[in-house]
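Only one structure is covered here, and it is reproduced in the block below.
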Amino acid sequence: MLGTLWRRRPNQKRSEEKNVRVTLRKPRNATPNPRECNSPAAAFGGKECEGDGEETQECNAEPCPIDGNWGEFGPWGECDVPCGDGSKTRERVCNAPAPQFGGQECEGDSTETTACWAGDCATDGDWGDWESYGRCSKRCAGGVIKAKRKCDNPAPSDGGADCEGDDKTLLPCNEQECTGKEPVDGNWGDWGSYGRCSKRCGGGFQTAKRKCNNPAPRRGGYECETEEGGAEKTLPCNEQKCTGREPVDGNWGPWMDKPHCHRREGVCIRRRYRKCDDPKPAKGGFKCGDDNKMIENLYNPCDDCGRHHHYYE
């Protein structure tokens, strides 16, 4: 019996590259197989060829290159300034897919920038110029004068810090030498003690007084400044509720309308009187003080007292 052998087709070739496997399959439009059992063909009951009619060999074993492509942009970052106009950035990664096997990197930028507004900037306050007020403590030989300033150059805004330091001070003034002919400005003397309370109950006040005599104004000098508190100050007193059994202290009534006048050494002296009847003292209350008359010296003719008033020589 004749055995049959495979016969290679004339167009079949082997790859000369290493590690390459080529699969020879029957072309779609070809009728012959890569090898045919025809050398010789089995006949007269002979056996068919042993083995496969196809042979496979590796080829192009390296993976194909994959070019990179950009992924989506991430969220915007924070503005790059604490306030005012600035810019912010967002990023993307070349990972959709990432380049592999020698593929091309992504084209274009990995970051994107846009403008941003971080809000109004805080402005710290700064002092304006000193402004003096009141009057100098001396007419000459160096005194001091009160001065103040405002935190408005600029004023603090949008959370800015206030000005540091004091808003009031004393500045030098009248530093010229004295001539001895300057006016003497008045200055307050010491406070006297507080008098008795104006009420026995229900809330009254007591008063302390001082005089402008330290020194008194002379040669056209200024009177004492009222900004320093004036000639009187008061304190509350006897704020407890009244029971109706308290003593009633006397209080002066109004000055009389018609004064009494008299001449003394060519000067007309006018006196006004008042009574302790607003109210009168009762239940052991205090009497009014000694100031029941007011004396005025008139350097004008005594006719200023009026025609119907009595004159005393």
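The values are calculated or read from the model by the stated rules, or taken from the named source; none is laboratory data. These numbers come from a predicted model, not from an experiment. Quick reminder, even Gly has a Cβ in these numbers, built from the backbone with ideal geometry, and neighbours come from all protein chains shown. SASA here: full protein model, heavy atoms, side chains in, ligands and nucleic acids out. Shrake-Rupley method; radii C 1.70, N 1.55, O 1.52, S 1.80 Å.
I want the local charge near Lys199. Using Cβ-Cβ distances under 12 Å, sum +1 for each Lys or Arg and -1 for each Asp or Glu among the other residues.
0
To the nearest 20 Debye, how big is the dipole of region 123-273 about its Cα centre, given +1 on the beta carbon of each Lys and Arg and -1 on that of each Asp and Glu?
1840 debye
Over all directions, how big on average is the projection of the convex hull of the alpha-carbon atoms in region 50-140, in square nanometres?
Mean projected area for region 50-140: 13.4 nm², to one decimal.
Show the residues, 5+ positions off or on another chain, whose built amide H is closer than 5 Å to the amide H of Val144.
HN-HN under 5 Å from Val144: Ser137, Lys138, Cys173.
Quick one: what are the phi-derived ³J(HN,Hα) couplings along region 200-217, Karplus 6.51/-1.76/1.60 with θ = phi - 60°, whole Hz, x for glycine and proline?
Values, residue by residue: 7, 7, x, x, x, 8, 10, 10, 10, 10, 8, 10, 8, 9, 10, x, 6, x Hz.
Would you grab the residues whose amide H sits under 5 Å from the one on Cys121? Only those 5+ places off in sequence or on another chain, please, with H modelled 1.01 Å from N.
When sequence neighbours closer than 5 places are left aside, the close amide H contacts are Gly84.
Could you give me the ³J(HN,Hα) list for region 181-186, computed from phi with Karplus coefficients 6.51, -1.76, 1.60 and θ = phi - 60°, whole Hz, x at Gly and Pro?
10, 5, x, 9, 7, x
Given region 148-293 reduced to its alpha-carbon atoms as identical point scatterers, what log10 I(q)/I(0) does the Debye formula return at q = 0.10, 0.13 Å⁻¹?
-0.72, -0.93
Pop out the carbon and sulfur fraction of the accessible area of region 169-277 as a percent, whole number, probe 1.4 Å.
Here carbon and sulfur together make up 47 percent of the probe-accessible area.
Among the trypsin sites (Lys or Arg not before Pro) within region 130-236, which fall in a DSSP loop and have no more than 12 other Cβ atoms within 10 Å of their own Cβ?
Lys181, Arg219
Go through Lys150/Lys209; Lys199/Lys233; Lys211/Lys283 and tell me which ones have a Cα-Cα distance over 27 Å in this structure.
Lys150/Lys209; Lys211/Lys283
Subtracting the Cα-Cα distance from 0.36 nm times the residue separation, let me have the gained length for Ala41 to Tyr133 in nm, one decimal.
Separation in residues times 0.36 nm, less the Cα-Cα distance, equals 19.8 nm.
What nm distance separates the two modelled labels at Thr234 and Val184, each placed 7 Å from Cα along Cα→Cβ?
Computed distance between label sites Thr234 and Val184 equals 3.4 nm.
What percentage of all Cα-Cα pairs in region 152-236 are separated by more than 16 Å?
Cα-Cα pairs of region 152-236 separated by over 16 Å account for 72 percent.
Skip the ligands, DNA and RNA, and give the accessible area per residue of region 57-166 with a 1.4 Å probe, whole Å².
Accessible area per residue, region 57-166: 70 Å².
Taking H placed 1.01 Å from N in the peptide plane, check which residues at least 5 places from Asn213 or on another chain put their amide H under 5 Å from its amide H.
Asn187, Gly189
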